[in-house]
Structures are given as C-alpha cells and as structure tokens.
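This report concerns only the one structure given below.
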Amino acid sequence: MKIAIYPGSFDPVTNGHLDIIRRAAKVFDKLFVCVAINPGKKYFFTIDERIHMMKEACASFYNVEVVFTSDLIVRKAKELGANVIVRGLRAVTDFEFEFQLAAANEYADSSIETVFMMASTGKGFISSSTIKEFYKSNVDISPLVPHSVVEMFQKNKK
Ligand code: ADP
C-alpha cells in the first residue's frame with residue numbers, strides 16, 4: 001500500500017491545494033493531509049479553524065485523512081506509515097524554498113522521499129496570502145477556495 005503525506009500551513013486551504021490533494025489521492029492508496037503547527041510562524045487562522053476548513057474540503061475523498069502535527073514532518077510521516085512527502089510547485093520562486101526543505105527532510109530521514117506536483121494550469125497564482133489579501137480588499141474569493149473557507153471568513157469577520 002502506497003501511503004503519502006501532504007503537509008502545509010493551509011492558512012487557509014485553497015483550490016490550488018485541493019487540486020494537489022485530488023491528484024495525489026489518485027496516485028497513492030492513502031493520503032494524509034497534515035496541517036502543520038510551527039511555533040515560529042504567525043498564522044491568520046487558528047489550528048482548529050485550519051483543520052476544520054480542511055476536513056470539510058476533503059470530506060468527499062474516500063482515501064484522504066486530515067491530521068495535524070507540531071512535530072517534524074518526517075516523524076509524523078513515520079508514525080503514519082507514509083514514506084512519501086507530497087509538495088506542490090508553482091512558479092520558480094517556490095523552487096528554492098522547496099529544494100531546501102526537501103534536502104532538510106532527506107537529511108532528517110533518508111527513507112522518506114519527497115515528490116513534487118506542478119500546479120495545474122490556472123491554479124498557479126493561487127496562494128493562501130493572495131486569498132487573505134483579496135478578502136480584505138473585497139475581491140470575490142469564492143471561485144478560488146472551497147466553500148468552508150468562505151464560510152469561515154464570514155463567520156469570523158476576520
Ligand atoms: P507551507 O507553509 O508549508 O509552504 P502552504 O500551505 O503555503 O504551506 O503550501 C503547502 C504546499 O502546497 C507547498 O508545497 C506549496 O508550494 C503548495 N501549494 C500552495 N499553493 C499551491 C497551488 N496553487 N498549486 C500547487 N501547489 C500549491
């Protein structure tokens with residue numbers, strides 16, 4: 001059984017992330033989507049909110065499970081029996097960060113492989129930061145995020 005983990009901040013989850021999840025769920029038998037808690041990072045949404053939005057968005061995928069961790073991703077992967085980390089790549093600007101992260105993860109546990117999926121056409125410009133900026137500036141975000149995210153913004157009046 002091929003088990004993978006897709007970690008990220010997902011602050012909030014976007015249709016770009018969901019596109020990666022949908023495609024990775026076809027490649028792997030089981031996909032854990034791992035909402036990361038990094039104490040050094042300032043998030044817009046709380047961990048509970050980020051998990052809630054992700055769970056709602058992934059409800060229709062039978063082989064996708066949403067988990068969270070404040071531990072190293074390679075450790076969480078091991079605990080879940082996943083030997084592949086999935087990450088997404090948009091423009092060249094993602095490359096340097098992702099390259100460094102993949103090398104660090106390889107150093108921490110070389111039995112876990114990182115695989116990359118390129119953003120689908122038309123999804124490459126979507127990022128969590130853009131969504132937050134758009135929302136603040138009253139730009140319609142509904143075609144770019146799952147419904148659970150629109151609801152969360154409205155509920156919290158963030
Ligand atoms: P992190 O803080 O770990 O980078 P993000 O939630 O920003 O978390 O992103 C998680 C992963 O999803 C990263 O590998 C990122 O490059 C990828 N990603 C983000 N947006 C998109 C998108 N629109 N298309 C494809 N991959 C994406």
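The values are calculated or read from the model by the stated rules, or taken from the named source; none is laboratory data. The model shown is predicted, which means the values in this text are computed figures rather than measured ones. Note that we place each Cβ from the backbone using ideal geometry, even for glycine, and neighbour counts take in every protein chain shown. The protein model used for the area step is the full one, side chains on, heavy atoms only, and it has no ligands, DNA or RNA in it. Shrake-Rupley method; radii C 1.70, N 1.55, O 1.52, S 1.80 Å.
Do we have GLU96 as out of contact with any strand residue (DSSP E or B) (no Cβ under 9 Å at 6 or more places or on another chain) and touching a residue at least 40 places away in the same chain (Cβ under 8 Å) here? For GLU96, the condition - out of contact with any strand residue (DSSP E or B) (no Cβ under 9 Å at 6 or more places or on another chain) and touching a residue at least 40 places away in the same chain (Cβ under 8 Å) - is not met.
Take the conditions within 19 Å of SER128 (Cα to Cα) and open to solvent by 40 Å² or more (accessible area, probe 1.4 Å) and apply them to GLU65. Does it pass? Walk me through how you get there before you give the answer.
Details: within 19 Å of SER128 (Cα to Cα): no; open to solvent by 40 Å² or more (accessible area, probe 1.4 Å): yes.
For GLU65, the condition - within 19 Å of SER128 (Cα to Cα) and open to solvent by 40 Å² or more (accessible area, probe 1.4 Å) - is not met.
Would you point out the residue of segment 84-97, among those that are surrounded by fewer than 16 Cβ atoms within 10 Å (Cβ to Cβ) and not hydrophobic (A, V, I, L, M, F, W, C), that is farthest from ASP11 (Cα to Cα)? Among those residues, the one meeting the criterion is GLU96. In segment 126-144, the residue that is surrounded by the most Cβ atoms within 10 Å (Cβ to Cβ) out of those that are more than 15 Å from the chain's Cα centre (by Cα) and not in a helix (DSSP H, G or I) is ILE141. For segment 104-118, filtered to residues that are part of a helix (DSSP H, G or I) and open to solvent by less than 50 Å² (accessible area, probe 1.4 Å), the residue that is farthest from ALA25 (Cα to Cα) is ALA104. Within segment 70-87, is there a residue that is part of a helix (DSSP H, G or I) and of a type in the set (Val, Ile, Thr)? For segment 70-87, residues part of a helix (DSSP H, G or I) and of a type in the set (Val, Ile, Thr): present.
So which residues in segment 35-62 are among the basic types (Lys, Arg) and either surrounded by 19 or more Cβ atoms within 10 Å (Cβ to Cβ) or away from the ligand (no atom under 12 Å from the Cβ) (or both), if there are any at all? Give the steps one after another, and end with the answer.
In the first step, residues of segment 35-62 are kept if they are among the basic types (Lys, Arg); the result is 41-42, 50, 55.
Those that are among the basic types (Lys, Arg) and either surrounded by 19 or more Cβ atoms within 10 Å (Cβ to Cβ) or away from the ligand (no atom under 12 Å from the Cβ) (or both): ARG50, LYS55.
So which residues in segment 49-69 are among the hydrophobic types (A, V, I, L, M, F, W, C) and not in a helix (DSSP H, G or I)? Across segment 49-69, the qualifying residues are ALA59, PHE61, VAL64, VAL66, VAL67, PHE68. Residues that are within 10 Å of the ligand (Cβ to nearest atom), over 17 Å from ILE21 (Cα atoms) and among the charged types (D, E, K, R) within segment 97-126 comprise just one, GLU98. Annotation note: Cβ proximity below 8 Å between a residue of segment 35-58 that is on the phi < 0 side of the Ramachandran plot and a residue that is among the aliphatic types (A, V, I, L, M) and part of a loop (DSSP other than H, G, I, E, B) (sequence gap 6+ or interchain) occurs for ILE47/ILE37; ARG50/VAL13; MET53/VAL13; MET54/VAL13; ALA57/VAL13. Scan segment 1-23 for residues that are more than 10 Å from the ligand (Cβ to nearest atom) and surrounded by 22 or more Cβ atoms within 10 Å (Cβ to Cβ) and jot them down. Residues satisfying the conditions are ALA4, ILE5.
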